[in-house]
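Have a look at the structure below, then the notes.
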Amino acid sequence: MKLIDSHVMMESLDVMDLEAMAAAGITTLIADGAGGMDYATSAQTAINYFEHTLVGETKRASDYFIDVYVILGINMNAVPADYEKILDALPEYLKRDRVVGVGEIGMEPRSGTCPDLNKQEEILSAEFRMAKEHNKAVVLHLPATERTKWIERYLELIDKAQLERGKVVIVHSDASTTKIITDAGCIAGISVLPMRRITPEDAAKIVAENDMNRILVSSDSRVRHRSDSLSVPRTALQMRRLGLSEEDVRRVFFDNPNKVFNLHL
């Protein structure tokens with residue numbers, strides 16, 4: 001069965017990871033081009049990372065028969081002083097074939113580079129306008145605290161921008177937030193890694209108890225925190241152990257991301 005890992009940071013995946021992912025049935029990755037901005041000190045650094053992800057990482061993964069599609073935006077935890085240059089560059093990037101979404105973007109009350117939440121909201125609203133204009137999916141970061149409050153605020157901004165809720169993924173969802181997100185018509189993204197306190201067993205149970213048509217599951221593989229590049233196939237296995245069907249697995253790990261990101265696979 002073909003599997004899609006819907007949220008990874010490509011720099012975290014070495015050749016052994018890519019080989020293991022391909023052997024486990026992962027054929028497609030959605031790479032977070034904003035994730036590398038953790039290290040960005042300027043807009044140009046971020047733009048260089050966008051280009052590296054789109055060109056270099058796409059080629060590297062293709063050696064293992066894995067397709068890479070990319071989401072781009074301003075990382076709320078690493079907003080450079082000249083961030084306007086990134087906003088100026090985004091429209092041209094959103095025209096490129098392998099750019100399938102704006103993300104991972106959002107708001108983060110603990111941001112060390114942009115503590116002004118009003119400024120964060122301005123940036124987010126500008127990115128929403130671009131996503132709508134270019135008919136792209138949006139991937140939103142869910143803060144670790146006051147999660148229901150942030151979901152409600154996101155929904156207000158989504159509706160104000162007239163975005164289609166079914167094209168908005170709110171990542172880092174868990175057992176307490178998945179139903180809230182899916183009932184609102186958005187897509188709940190479950191990040192399966194230790195820092196999120198979500199195991200493959202946890203993720204499979206959340207999937208089984210909620211609307212499987214509105215859930216994505218990813219490894220959220222990253223450099224700065226321990227992660228498991230195989231958490232997607234491990235979660236698929238746990239779903240089968242819970243009695244879910246092969247069709248259910250295909251829906252969550254292939255059909256849903258294929259539809260949300262308009263991949264035409």
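The values are calculated or read from the model by the stated rules, or taken from the named source; none is laboratory data. Source: prediction; values computed, not measured. Ideal geometry is used to build each Cβ from the backbone, glycine not excepted, and the neighbour counts take in all protein chains shown.
Here is how the numbers come out for the structure above:
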| quantity | calculated |
| --- | --- |
| Pairs where the first residue, in the stretch 41-56, is closer than 15 Å to residue 10 by Cβ and the second is of a type in the set (Phe, Trp, Tyr) and modelled with pLDDT of 95 or more, C-beta under 7 Å, 6+ apart | 50/93 |
| Residue match in the stretch 17-26 (condition: of a type outside the set (Lys, Arg), surrounded by fewer than 23 Cβ atoms within 10 Å (Cβ to Cβ) and touching a Lys or Arg at 6+ places or on another chain (Cβ under 8 Å)) | yes |
| Residues within the stretch 215-265 that are more than 16 Å from residue 28 (Cα to Cα), buried (at least 22 other Cβ atoms within 10 Å of the Cβ) and under 14 Å from the mean Cα position of the chain (by Cα), tallied | 1 |
| In the stretch 191-214, the residues that are crowded, with 24+ Cβ neighbours inside 10 Å, of a type outside the set (Gly, Ala, Ser) and over 23 Å from residue 33 (Cβ atoms) | 207 |
| Residue match in the stretch 62-73 (condition: under 17 Å from the mean Cα position of the chain (by Cα), of a type outside the set (Ser, Thr, Tyr) and part of a loop (DSSP other than H, G, I, E, B)) | yes |
| Residue 86 being among the β-branched types (Val, Ile, Thr), surrounded by 21 or more Cβ atoms within 10 Å (Cβ to Cβ) and in contact with a strand residue (DSSP E or B) (Cβ under 6 Å, 6 or more places away or on another chain) | no |
| Listing of helices (runs of 4 or more DSSP H) fully contained in the stretch 208-264 that carry 3 or more residues being of a type in the set (A, V, I, L, M), within 25 Å of residue 168 (Cβ to Cβ) and at pLDDT 95 or above | 231-241 |
| Count - residues of the stretch 1-29 that are more than 23 Å from residue 248 (Cβ to Cβ) and not in a helix (DSSP H, G or I) | 3 |
| Answer from 99, 79, 70 - the residue that is touching a Lys or Arg at 6+ places or on another chain (Cβ under 6 Å) and either closer than 30 Å to residue 20 by Cα or at pLDDT below 95 (or both) | 70 |
